[in-house]
Each structure stands twice: as structure tokens, then as C-alpha cells.
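Just below is one structure, and these are the notes that go with it.
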Amino acid sequence: MRPRPKTFPRAALAAVAVAGLLAAPAVPATAAPGGAAAPGRGGSAAVADLSDVIPLPASVAPSGRPVELGPGTLVRVQAGSPEAAAAAQLLVDLLRPSTGFRLPVVPTDGPDDASRPLSGISLLTDGADPALGDEGYVLEASGRSVVLRAATREGLLHAVQTLRQLLPPAVEARDAQPGPWLVPGGRVEDRPRFAYRGAMLDVARHFMTVEEVQGYVDSLAAYKVNHLHLHLTDDQGWRIEIPGWPRLTEVGAATEVGGGPGGSYTQEDYAAIVAYAAERGVTVVPEVDLPGHANAALVAYPELTCDGVAPEPYTGIEVGFSTLCVDKEVTYDFVGDVVRALAAATPGEYLHIGGDEALVTTEEEYARFMRRVLPLVEATGKTAVGWQELLPLAAGPAGGGPVTVGQYWVPGAPEQPLLDSLARGNRVVMSPADHAYLDMKYAEGFPLGLQWAGFTGVEDAFAWDPATYAEGIGEQDVLGVEAAIFSETLEDLDDVETMAFPRLPGIAEIGWSPRATHDWATYRERLALQGPRWERRGVDYYRSPEVPWAG
Ligand code: TNX
């Protein structure tokens, strides 16, 4: 049972923010160097500290004077490297509006160019250290140059995001700002702890437009989150066009929580989301939630119910009452078509088939369903992902199957069948609801969100470790982490952002930064520096009293 959503006037939210729910701590003196947010910057150059970055880089070595970008700064890309060219495009799109600089993109002149310190910003793939892996990078700022070096496009994109955070917050503005544009001197060498750093967005309970989803992608990429899990279907709406099943979107998308008009993505819309995310290094993981959470599909196609009778459209927030008919062949025709359509539209490795809270199917029916559906996914070449309930049914490499990924969400200790599944070589993404469900309220009385897993403050979202959270699940089992946002009480991107910020960067840092660096006291100072960036970009956030915001 979930609490009913309450509708609060927007003004109530502002009041919570102003009044504060706890005593606001003072700004520690050590936050000062990063105070590039200084309101009255009158020519005195504020420069960031080289470690004023979220997620905290694996290694940071400050040295020398800051590098100043100017109207003559060139962006030099490794000649013949499409990876470098792609990352350079993202860089100039970020920097041109606020700096007002032309930032022409030019190729490096030749192989020896790559080792010479050049003036401007260079994006290089030659000479990258393979030990930095698929996503690692080096950023070096000295003299008149900033060099970003990585073996992959993803690595260079991460380097661009680090450089962005090392520039003053005014860089986030969309119109020309005065500068100066100083990058602290030194060397950052960086790579992620976990390969999978995800964020889940529920577009089923309340529909979010393509532009809203893309806006969220921008925010995720800034923190090196590399997977966007879209919860595309639920009882309240089916949000993705599937060829051959037109009523899914014609009928099944016309509702949402609270009775609003809903909406859905055409295949072209979905392709636009996928492409936009890919340009920013974010892979879309589509989820169709099966066999439960299926009311919208049943409204559209009553033959998928066992009695053939269409249920009423659903606009409430209860869970667990609907199911596809496990015993009908048409169910597997349907699921096969859905899975193949999604696989064809999704370049990423993962396809999420839900599998949570199937409360009106028996255990035996659930197992039978999943044992037919998992091979349908595997036949597409994708790796199946499901909520943790699915894991016990996955054979895993030791059982002669592929790796299946389970998403851990139920607070507390795992049951033995889940641990057995991990022992067979399956993996988990950790999103325990008591730390990583960012649709939970920050605290009592917060106007948005649910509270079934408790309140989740900013520190709560940050202060946990995926490799020790659950007894019996260790680092080797963990593919990564995910911040989940279900949208029962969240009507649009502004609401989603208010829940995500400032908590989501904490989960991004858990996923990326070395475990040994994990420290709330210093993290919250870095987090405070993000506030002015969100303000400049128009990203809503909650001014939690746990964070020593400047000004
Ligand atoms: C649990 S997470 C659910 C969702 C709800 C969410 C609300 C999961 C696998 N199931 O159906 O939307 O709680 O926080």
C-alpha cells in the first residue's frame, strides 16, 4: 500500500525551502577556494579548486597557475578522430553561449603535435593510457593549454564535464557572461569505480515530454551518469509506440496519475531521446514492466487478460493488481513483438523487463512467464535486466545461460535465491529504496514524494556503499548503482529535478569515485558549489539545510 499523492501548491515548496527543516550549518572556511560563486565578482578572478568536482576524480594533483581561456582560444581535436570531434562539439556547445568566444574547432597538425603543449583546449585520443579503461581520461591544465586525453569518446566526454565544473558557475548561463574563464592548474587522472551509473525516470505515472527527458539527460551527463533507465509502461500508461499494436499508445497512453492526458513516444520520439542521450555518453535502458503493472496494456488489448474483459483505465497509485494472462499464447506473441521492437530501437546493451510486484500471479505462474520471456530477450542479443524478483529465475553463466542483471530495490537483506543467482554469475545494479529512491521525501512534510521507504535526506542518499549494503552481495556482484525516481507525485521535469537535486549527485559519486574518498563532510562542501550552477541552468533543486550553500 502506497500513500495517496497529495497536491501541494508550489508556494508550499518554497516555504519549506526557506524555513528549512533542520538548522542550516555554517559554510566551512575550506569551501572558500571553490567559491567561484562569489556574487560580487568584480574583476577579482575566482578560480575553482582542482578537486571541486562531482563525482570526485580518482586522482587530482594541483600545480602551477590557472589557465585562462580567452577570445582567441582554439579547440584542437586529434586529426582523424571522430571521438575527439564528437566530444569537441559538446564542449563548444557548452562554452560558446556563456563565454561568447568563437572557439573554432581545428585539427591538430600532425602526430608530434599531440605531445606538444598547445595553446587552447586540446582533445586527444593518441597516447591515452589503456590502464584508464573504457571511460577514463586525463585532464592537464598548465601554461596556456588544457589537454583532455582519453582512448574513447566516453572518456573525452567525461573530461569535458570535468572541465566544465572547473570553470566558474557562470559558464552554465545561456547568454554571454563577463568571465574571467580560469581553469585551475594541475592534472586530473580519472576513471569510474563501477561501469554502470544509472538514473531511472518513470514516464508512465506522469508522462514527460521528449524535451523534458532530454533536459534530464543534460543534468545526468554533468555527473557522469551513463545510463538512463526509462520506466516506459505501468498501470497508468503505456508510453512507447510498438509496431503492430497501435492501441497501446492510441488507448493505453491516454491516462496518467490524477487523470491528466498522458502521452506517449512515437518510434521517432524514442529515437530522438536515444540519439540525444548517446551524444552525451548516456545509454538508454528501456523498461516495459511485465507481467504486472500492465493495466494500461490490458485496457488497450483485453485479449491479454485471462477473462478477455477490458479493465477500467487506472489513474491512482496502488500497485500489484494487474497482470498479463500467463496462460495465453497471445501474451507471448505480444511480449515477443514488444521486446523485438524495443531491441531494434535501442543501441544499448540492456533491455529491462520489469518483473516487480507481480502480486496477482502465483510464484509458479511468475516463474513460467519469466522462463518464456527471458529467452525472447536473449534472442535479441540484449542483456536482460529486471527488478530483483527476477534474479532467482535467471540461469546465469554457471547454469548455461547469459548474465542477467537484477535491480536491487527492496530495503534490507537479500533472500537466499537471489544470492544463489549471483553465485551463478548474474549481477546486480544497486538501487535500495531507502537510499536511492529519490521519489522518497527528503523529510517529514516535504510537499513532493512518497515515504514508504522512509525519508531520504541528502546525506542518506550519499552515505551508503553498494558493495556492503546487503549482506552477501559484494563488489564483484555489483555492476553499478542507480538513482530511481518514480513519478506518482511528480507531474513534470521541475518536480523531478526538485527530487533529484541535490541528492542525485551523491549517487553518481558513489558509482564513480574510489570508495576510499567517500566522505560526507567534504562532499557537502563540493555539493554546495553546484547550487549556483543549477540556478544558471534553470534546474530546480531543493535548498536542503544539510548543504552549506554559499549565499
Ligand atoms: C515500488 S520499485 C515500485 C514502484 C513504485 C515505487 C514508488 C518497484 C520495483 N516497484 O511500482 O512506483 O515503489 O516508490
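Within the straight-line cut-off of under 17 Å between alpha carbons, the aspartates and glutamates reachable from Lys382 are Glu287, Asp289, Asp337, Glu349, sequence neighbours fewer than 8 places apart in one chain being disregarded.
Under 10 Å from the Cβ of Leu232, count the other residues' Cβ atoms, weight Lys and Arg +1, Asp and Glu -1, and hand me the total.
Net of charged neighbours comes to -3.
Relative to the longest principal axis of the Cα atoms of the chain, helix 153-166 runs at roughly 60 degrees. Only helical runs count toward this figure. For the chain, summing -39,500 (n - 2.57) over DSSP H runs of n ≥ 4 and dividing by all residues gives -8500 deg cm²/dmol at 222 nm. Here the range 196-542 is treated with +1 on each Lys and Arg Cβ and -1 on each Asp and Glu Cβ, and its dipole about the Cα centre works out to around 1040 debye. With the charge dipole of the range 59-190 set up from +1 on Lys and Arg Cβ and -1 on Asp and Glu Cβ about the Cα centre, the Cα lying farthest toward the positive end among the listed residues Thr152, Pro169, Ala84 is that of Pro169. Taking label points 7 Å from Cα along the Cα-to-Cβ direction, Thr522 and Ser119 give a separation of 3.6 nm. Working note: Karplus 6.51/-1.76/1.60 with θ = phi - 60° gives the range 49-54 the couplings 7, 4, 9, 7, 9, 10 Hz, where Gly and Pro are set to x. Note that the range 57-71 has calculated 3J(HN,Hα) couplings of x, 4, 8, 9, 10, x, 6, x, 8, x, 9, 9, 7, x, x Hz, one per residue in order, obtained from phi through the Karplus relation 6.51 cos²θ - 1.76 cosθ + 1.60 (θ = phi - 60°); glycine and proline are x.
Report the local net charge at Val330: Lys and Arg +1, Asp and Glu -1, summed over other residues whose C-beta lies under 15 Å from its C-beta. With Lys, Arg at +1 and Asp, Glu at -1, the neighbours total -3. When each of the peptides 468-479, 500-511, 90-101 is scored by the mean number of other C-beta atoms lying within 10 Å of its residues, the order from highest to lowest reads 500-511, 90-101, 468-479. Relative protection proxy for 218-224, 461-467, from highest mean packing down: 218-224, 461-467 (other beta-carbon atoms within 10 angstrom). Around the amide H of Gly100, modelled in the peptide plane, lie the amide H atoms of Gln177, all under 5 Å away and 5 or more residues distant in sequence or on another chain.
Note that the range 409-418 has calculated 3J(HN,Hα) couplings of 10, 6, x, x, 7, x, 8, 4, x, 5 Hz, one per residue in order, obtained from phi through the Karplus relation 6.51 cos²θ - 1.76 cosθ + 1.60 (θ = phi - 60°); glycine and proline are x. Once C-alpha pairs closer than 8 Å and six or more residues apart are averaged by separation and normalised to the residue number of the chain, the relative contact order reads 17 percent.
Helix 329-345 and the longest principal axis of the Cα set of the chain meet at an angle near 10°. Between the amide H of Val67 and those of Val183, Gly185, distances stay under 5 Å, these residues lying 5 or more places away or on another chain, with hydrogens modeled in the peptide plane. The residues packed around Asp465, meaning those with a beta-carbon under 11 Å from its beta-carbon, carry a net charge of +1 if Lys and Arg are +1 and Asp and Glu are -1. For the chain, the solvent-accessible area with a 1.4 angstrom probe is 36 square angstrom per residue. Protection proxy ranking of 270-278, 73-81, by the mean of other Cβ atoms within 10 Å over each peptide's residues and highest first, is 73-81, 270-278.
On the chain, 54 percent of the accessible area sits on carbon and sulfur atoms, based on a 1.4 Å probe.
Scanning residues 5 or more positions from Val146 or on other chains, those with amide H under 5 Å from its amide H are Gly120, Ile121, Ser122, with H placed 1.01 Å from N in the peptide plane. If you line up the long axis of helix 267-279 against the longest principal axis of the chain, both from Cα atoms, how many degrees apart are they, to the nearest 10? The angle comes out near 30 degrees.
The values are calculated or read from the model by the stated rules, or taken from the named source; none is laboratory data. Since this is a predicted model, take the numbers as computed values, not measurements. Glycine also receives a Cβ, built like all others from the backbone with ideal geometry; neighbour counts cover every protein chain displayed. Heavy atoms of the whole protein, side chains included, go into the accessibility calculation; ligands, DNA and RNA do not. Shrake-Rupley method; radii C 1.70, N 1.55, O 1.52, S 1.80 Å.
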